[in-house]
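J.: Below is the structure I would like to discuss, written out as structure tokens.
Nothing in this text is a laboratory measurement; each read-out follows from the coordinates by a stated rule. Here the structure is a predicted model, which means the values were calculated and not measured. Positions of Cβ are generated from backbone atoms using ideal geometry, with glycine treated the same way; all protein chains shown enter the neighbour counts.
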Ligand code: AHR
């Protein structure tokens, strides 16, 4: 890291919060709340642009170090995120994907055009067995989206048989012949994708009809595993799918099939087509994007309110399986490949959304950021053999202790952060008791100009060391590049809880996560 950046980071970490009093923040350790399901930290890897080909899959004969065709550098970095599930093959691509094109020896793979994403020809070298190998290599699980738009119920049922049945069945035998005797574990099954749009332009009633067929006939054959079925739900604020899917679910609770979740897609995008720049922006653009992303909270509230009418016991999960920032594509890139840089703003944006999900943990038990590598708000960018970790990657790694943690109530009054017409909360914080019993606290400072001193009250915690990391940057549009991969990286911090109090000074536009030891 260049010396000047180091110095800046040091200054903001230790400087007082000029002109503002310390924020009193209380963590109620005696009132454990909901579990924050680890599946909220899921990811999405569509066959789109260089998200798979180049980003994850390079093929066995590549000069880029790989394990059975999967990049070692990318898989290694992803392993550190403890990703609970990966959604594949789409997105829009799922409704044009025919899985039989992507199984068997290389000579049998059938290249097909990717109509949604630039019309490029996909070799189908990366198919079901390669995807399952990938999730295994990164210690994750499969969330498969079946083709409802241009496929058939039988095609989807056969795919599930290929993946989850034993070798006594036709497709199980085929899988064994392809080198995988034991059935795979499919943790989640998405029944279509955006069926109101690229997934088939279906009305809510048309989709509900399809949903019943797919939910009933696409079986999980592997009785060793639980598999959740997720219906297509709303995109943004429209509620027709929410009503129709929940009604279908309720009407059919006595039948021999069910669904476990309904998806919600919502990008931080502004007007369509995406035009906000991913780099080279100022504080006002930063505040505008964050104000937009905070709408996720009311969106979840409004869909949850409808779900509550049909499902007051909250059996169905609201699965936010596409979320994140969608900006103008990187100049010079193929616009259909949805490549964009990822800045400190995206780190703050990611933390805010994860915090929102945690406040709706009773209903939001699963989410997938879009997307994993090289596409939209990615964790990782690659260029040939080069790889760089984005600021969003660092937030996901810092938040690992929150996976399956028990949330603890947090109260604070930090005031507002204003930039021109944009009016935002100044701070955002969550706390939880991690699986190892320790307390973990995340504080996001939205204010791009001022650090904040946070005086944290941790009732019942006597003297304890606290360790953590703080992710800040010289400017809100700071990014990591292949040339300068460490411009935005977390810095280790430590503090001590004395008589139940802990003081942290968090830099402007930063994300800080600390844990008691
Ligand atoms: O993530 C990119 C695209 O956004 C997905 O393919 C689609 O589901 C959504 O519209």
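J.: How far apart, in nanometres, would the label points at residue 416 and residue 517 be if each is projected 7 angstrom from Cα along the Cα-to-Cβ direction?
T.: 4.1 nm
J.: Report the Cα centroid-to-centroid distance between the range 187-250 and the range 109-129 in angstrom, as an integer.
T.: A separation of 24 Å, based on Cα centres.
J.: Something else: Relative to the longest principal axis of the chain, what angle (0 to 90°, nearest 10) does the C-alpha long axis of helix 3-14 take?
T.: Taking the Cα atoms of the chain, the angle to 3-14 is about 70 degrees.
J.: Oh, and also: If R0 is 41 Å, what FRET efficiency do you get for residue 336 and residue 462 from their C-beta distance, rounded to 0.05? Can you show the working numbers first?
T.: On the way: r = 57 Å, r/R0 = 1.40.
The calculated FRET efficiency here is 0.10.
J.: A further question on this structure: Stokes-Einstein D for the range 477-517 at 20 °C, 1.002 mPa s, Kirkwood Rh over Cα pairs, in µm²/s?
T.: Details: Rh = 12.8 Å.
The Stokes-Einstein estimate is 168 µm²/s.
J.: Which of rounded, prolate, oblate describes the range 231-348, given a ≥ b ≥ c as roots of the alpha-carbon gyration tensor eigenvalues and a/c under 1.5 marking rounded, otherwise prolate only if a/b is larger than b/c?
T.: Working: a/c = 3.31, a/b = 2.29, b/c = 1.45.
Note, shape of the range 231-348 comes out prolate.
J.: At q = 0.06, 0.07, 0.09, 0.10 Å⁻¹, what log₁₀ I(q)/I(0) does a Debye calculation on the Cα points of the chain give, no solvent, two decimals?
T.: Relative scattering, expressed as log10 I(q)/I(0), comes to -0.28, -0.38, -0.63, -0.78.
J.: I would also like to ask the following. Helix-only mean residue ellipticity at 222 nm, the chain, DSSP H runs n ≥ 4 weighted -39,500 (n - 2.57), per residue, nearest 500. What is it? Don't skip to the answer; put the middle values down first.
T.: Details: 11 runs with 126 residues, N = 517.
The helix contribution divided over the chain gives -7500 deg cm²/dmol.
J.: If you don't mind, there's one more thing I want to ask. Cα axis of helix 296-310 to longest principal axis of the chain: angle in degrees, 0 to 90, nearest 10?
T.: For 296-310 against the chain, the angle is about 50 degrees.
J.: Return the inverse of the average 1/r over all pairs of distinct C-alpha atoms in the range 413-507, which is the Kirkwood hydrodynamic radius, in Å to one decimal.
T.: One over the average 1/r among Cα pairs gives 15.2 Å for the range 413-507.
J.: May I ask what percent, to the nearest 5, of DSSP beta bridges between residues of the chain are antiparallel?
T.: On the way: 55 of 92 bridges.
Taking every DSSP beta bridge within the chain, about 60 percent pair in antiparallel fashion.
J.: So how much slack lies between residue 255 and residue 68, counting 0.36 nm per residue of separation and subtracting their Cα-Cα distance, in nm? Each step should come with its number before you reach the end.
T.: Values: separation 187, 0.36 × 187 = 67.32 nm, distance 4.27 nm.
Taking residue 255 through residue 68 to full extension adds about 63.1 nm, to one decimal.
J.: What do you get for the angle between helix 204-217 and the principal long axis of the chain? Use alpha-carbon atoms, 0 to 90 degrees, nearest ten.
T.: Taking Cα atoms only, the helix is inclined about 70 degrees.
J.: Need one number for the range 145-290: average projected area of the convex hull over its C-alpha atoms, nm². Can you show the working numbers first?
T.: Numbers: hull surface 47.2 nm².
Averaging across all directions leaves 11.8 nm² for the Cα convex hull.
J.: What FRET efficiency would be calculated for the residue pair residue 386, residue 115, taking the C-beta separation as r and a Förster radius of 35 Å, to the nearest 0.05? Numbers along the way, then the final one.
T.: Numbers: r = 30 Å, r/R0 = 0.85.
Calculated transfer efficiency: 0.70.
J.: Rounded to the nearest 0.05, what FRET efficiency is calculated for residue 22 and residue 275 with R0 set to 35 Å and r the Cβ-Cβ distance? It would help to have the intermediate numbers written out before the result.
T.: Numbers: r = 39 Å, r/R0 = 1.13.
In this case the efficiency is close to 0.35.
J.: Rounded if a/c is under 1.5, else prolate if a/b beats b/c, else oblate: with a ≥ b ≥ c from the C-alpha gyration tensor eigenvalues square-rooted, which is the range 305-443? Provide the component values of the computation, followed by the final result.
T.: Numbers: a/c = 1.61, a/b = 1.48, b/c = 1.08.
It is prolate, given that a/c is not under 1.5 and a/b is the larger ratio.
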